[in-house]
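Here's the structure we're looking at; comments come further down.
The values are calculated or read from the model by the stated rules, or taken from the named source; none is laboratory data. These numbers were taken from a predicted model, which means no experiment stands behind them. Positions of Cβ are generated from backbone atoms using ideal geometry, with glycine treated the same way; all protein chains shown enter the neighbour counts.
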Amino acid sequence: MMVRTGEIHQYGVENNFGRPGVVKPHHTFYGLEIVDSRIRDPAACFASFQFVDEIAYWQTFSFLTDYGVLLAIFLIEGARRANIMTLASV
């Protein structure tokens, strides 16, 4: 997988649906190297799924919506009064 993300950083990803072409990721997005270096590989991994075909696009979208629901549940549970000063509140 590391080889594939390296290729995506260097050459980009071929977009096979919608507007055809090559999509190249930005080298820096936030301007902070510590943040950009942490986000660069997962973004390249998702880009390789996003632009391959329409089914992979919708699977990635579904994954992100599922993650959003779980994150909302964790935030709500962490804010409950019973979880004050516990690991769940972090």
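Just a few scattered comments:
- Qualifying residue in the stretch 32-52 (condition: modelled with pLDDT under 75, out of contact with any helix residue (DSSP H, G or I) (no Cβ under 7 Å at 6 or more places or on another chain), surrounded by 10 or more Cβ atoms within 10 Å (Cβ to Cβ) and assigned to a loop (DSSP other than H, G, I, E, B)): yes
- Residue in the stretch 3-21 that is at pLDDT below 80, within 15 Å of the chain's Cα centre (by Cα), assigned to a helix (DSSP H, G or I) and charged (D, E, K, R) present: no
- Test: G31 is in contact (Cβ under 8 Å) with a residue 12 or more places away in the chain and over 22 Å from Y11 (Cβ atoms): no
- The stretch 31-47 - residue that is over 19 Å from E7 (Cβ atoms) and not β-branched (V, I, T) and, of those, nearest to the chain's Cα centre (by Cα): R38
- T86 meets all of the listed conditions (1) surrounded by fewer than 11 Cβ atoms within 10 Å (Cβ to Cβ); (2) at pLDDT 80 or above but one, namely (2).
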